[in-house]
1. Which residue is farthest from the other protein chains (Cβ to nearest Cβ), if the candidates are limited to region A:141-166 and must be more than 10 Å from the chain's Cα centre (by Cα) and assigned to a loop (DSSP other than H, G, I, E, B)?
2. Could you say whether any residue in region B:141-154 is within 22 Å of B:I108 (Cα to Cα) and more than 26 Å from the chain's Cα centre (by Cα)?
3. Cβ contacts < 6 Å: first residue open to solvent by 20 Å² or more (accessible area, probe 1.4 Å), restricted to region B:339-363; second residue of a type in the set (D, E), any location; separation 6+ or different chain. Result?
4. Would you pick out the residues in region A:1-42 that are part of a loop (DSSP other than H, G, I, E, B), open to solvent by 20 Å² or more (accessible area, probe 1.4 Å) and among the aliphatic types (A, V, I, L, M)?
5. With a cut-off of at least 2 residues that are over 17 Å from B:R120 (Cβ atoms), of a type in the set (A, V, I, L, M) and away from chain B (no Cβ under 12 Å), name the helices (runs of 4 or more DSSP H) lying wholly within region A:191-295.
6. Step by step: first the residues of region A:98-140, then only those that are out of contact with any Asp or Glu (no Cβ under 7 Å at 6 or more places or on another chain) and on the phi > 0 side of the Ramachandran plot, then the one that is farthest from the other protein chains (Cβ to nearest Cβ). Which residue is that?
7. Could you run through region B:368-390 and say how many residues are more than 14 Å from every other protein chain (Cβ to nearest Cβ) and under 27 Å from A:L167 (Cβ atoms)?
8. If you go through region A:110-163 one residue at a time, how many are touching a Leu at 6+ places or on another chain (Cβ under 6 Å), buried (at least 24 other Cβ atoms within 10 Å of the Cβ) and of a type in the set (K, R)?
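The values are calculated or read from the model by the stated rules, or taken from the named source; none is laboratory data. A quick note: this is a predicted structure, and the numbers were derived from the prediction, not measured. Cβ atoms come from the backbone with ideal geometry, glycine included; neighbour counts cover every protein chain shown. Quick note on the areas: whole protein, heavy atoms, side chains included, nothing else; ligands and nucleic acids left out. Shrake-Rupley method; radii C 1.70, N 1.55, O 1.52, S 1.80 Å.
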Amino acid sequence: MSILVNKDSKIIVQGITGSEGSFHAEQCLAYGNNIVGGVTPGKGGQKALDSKVPVFNTCFEARQEVGANVSLIFVPPAFAADAILEAADAGIELVVCITEGIPVSDMAKVYTYLESTNTRLIGPNCPGLLTPDEAKVGIMPGFIAKKGSVGVISKSGTLTYEAVHQLCQVGLGQTTCVGIGGDPVIGTKMAELLELFENDPETEAIVMIGEIGGSMEIEAAQYAKEKVTKPVIGFIAGQTAPPGRRMGHAGAIVSGADESAAAKKAIMADCGIIVVDSPADIGMTVKKALATVTV
Amino acid sequence: MKIHEYQAKEILKENGVPIQDGFIVENEADIDSTIDRVAKEFNCSQFVVKAQIHAGGRGLGGGVKFCPDKASAIETSKEILGMTLKTHQTGPEGQLVRKIYITEALDIEKEYYVAITLDRTQSKHVIMASAEGGVDIEDVAAKTPEKIIKVWVDPNLGFQANQARQLAFRLGFEGDSFKQAVKVLKALYKAYEVTDASIAEINPLVLTEQGNVIALDAKFNFDSNALYRQKDIASLRDTHEEDATEVEADAFNLNYIKLDGNVGCMVNGAGLAMATMDIIKLKGGEPANFLDVGGGANVETVKNGFRIILSDKSVKAVLINIFGGIVRCDRVANGIIQAVSELDLSVPVVVRLAGTNAEEAKSLLENSGVSIIPAESLEEAATKVVGVAT
């Protein structure tokens, strides 16, 4: 089992004819994904990825013609909010937006609108989803992961790869790896993914990688305390970050005392999360936690 | 992106918020005539001289002064223009005052606080207001949170009239001042919305003895993701107020933030860059910077990265930590080898490459002949770099 995506997901790529979109769509296809089409307004009727997949003018058409239920977005920032809304209006259940640099006010509008639909958004500004051996919906390098029992939730891209790499080195595979993005407004928050992993029978432990800024990790920790029975291993990046400075991600800025790494780690530990101090110890800590559970 | 007070007030004025108005002076020679202009234009004989720097705490640092007449305004202007102003936000080195804002003085009855920002928990905009204005609002929030009134705004509906009325009533405005306050709140929200601001703050908003509601000081920050459609706002950037090395890094498309330590680091990805800083600290070192080289990590980015990092003379060693996903590590290794040999570096460099083609990269580094200290894991890399830095 896995969460959100699997081998049966019918995926379309919005922005499939752009350079980013076509490169990564090709990689996803090579991973064995079920890419059923692409959307580029004005290029409907053409074929993309060496004539392997049809291009549609609209998400609505893609939904009707090929039954798409997942959309992966590589549309430039100025048009990305509109692309998410288009996918939602076409009734696509899961939208994964990779695009970096979408204005925050656009995302606030999109987020609020999506609350009235059945569409779930992952991202934006994220590496997407990877269910090893089944579906790669995003830009995560497929070869670093392997099938297994650990669920991974992360705000970061390469730090996720680091964590997944460490898991594989200690012999642990993953059910699904989810990069949720580091922007101030994102579609799916950590607590929601904890719920999905808790309900996934194959997931035995959950890795949650957060950052300074915002309070999402704290909300997730409080959720975990009440509802999650599986071990949760947490790391917060930015322990050495000075307050008031934005560390790369638009959302990674300490603007209040509760947003610092130390504050988040303390609350997470209070809520029963196994907090890792060193980013080099993530894999090992999960292994130990699972060993304890088994015994 | 941050701007100066006078620029923030200009935005407020354009959107219909009455402001304590004035003119900017950049040269000492213009002080006298500008004071006359302020007196004539705003019909006043008393003035306030305000240093224009981005950092907060200007008043306590001696950068904002009331002047009861023209003679004292001239004297104070000469004193503040060109001074190095130290506040709790500038750090001990202070910030040079290149511009002063000479404004009319007002007779203040009461001070309020009002600000708009995004509430990340709800993904909605939140308007925060308090009748305890003019003071450090963080103190009010920490000690007496009940004195801060909050109203959340649905981004698709916008700020509603009933919300503005609710805020104005709860702040205690009455009669004509109430009508003015409602207008000011609506205008502030409009200014926040049309400029893609991340923070729009008026502190203090004042009620004058004459019953007028006026913005005395203002602070705006903007969403840098939206600057592509906010050309007027983007043009307000003042790079004098930013760290020179950070401005240079920005020109190379590198995301760099200077810190106080001696271990430089160059990493791909913001999260991994922060985690690398963290592990340097855990191993007993102090990170000298945050540097995210993004997805590129080619010869040019690595070279520029080295130049930026090593312009900080306290750097004693550099750690390069790249996790190759789409990027191939062997290519990154070649970039590093070329950059290191061309730049003739004076400090040891520890390199850790993981991910795509990491094995090939490792042998390339080992056989290159350039003096690089290779490391396999994050743990090993951090231990080694801290070891050579001390």
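1. Restricting to residues being more than 10 Å from the chain's Cα centre (by Cα) and assigned to a loop (DSSP other than H, G, I, E, B), the top hit is A:K146.
2. yes
3. From region B:339-363, the pairs are B:N357/B:D330; B:E360/B:D330.
4. A:M1, A:L4
5. Working: elements: A:216-227, A:261-270, A:282-294.
Fully inside region A:191-295 and qualifying: A:261-270, A:282-294.
6. Going through the qualifying residues, I end up with A:D133.
7. Step one: list which residues in region B:368-390 are more than 14 Å from every other protein chain (Cβ to nearest Cβ), which gives B:368-374, B:387-390.
From the residues that got through so far, the ones that are under 27 Å from A:L167 (Cβ atoms) too are B:373-374.
Here the count works out to 2.
8. 1
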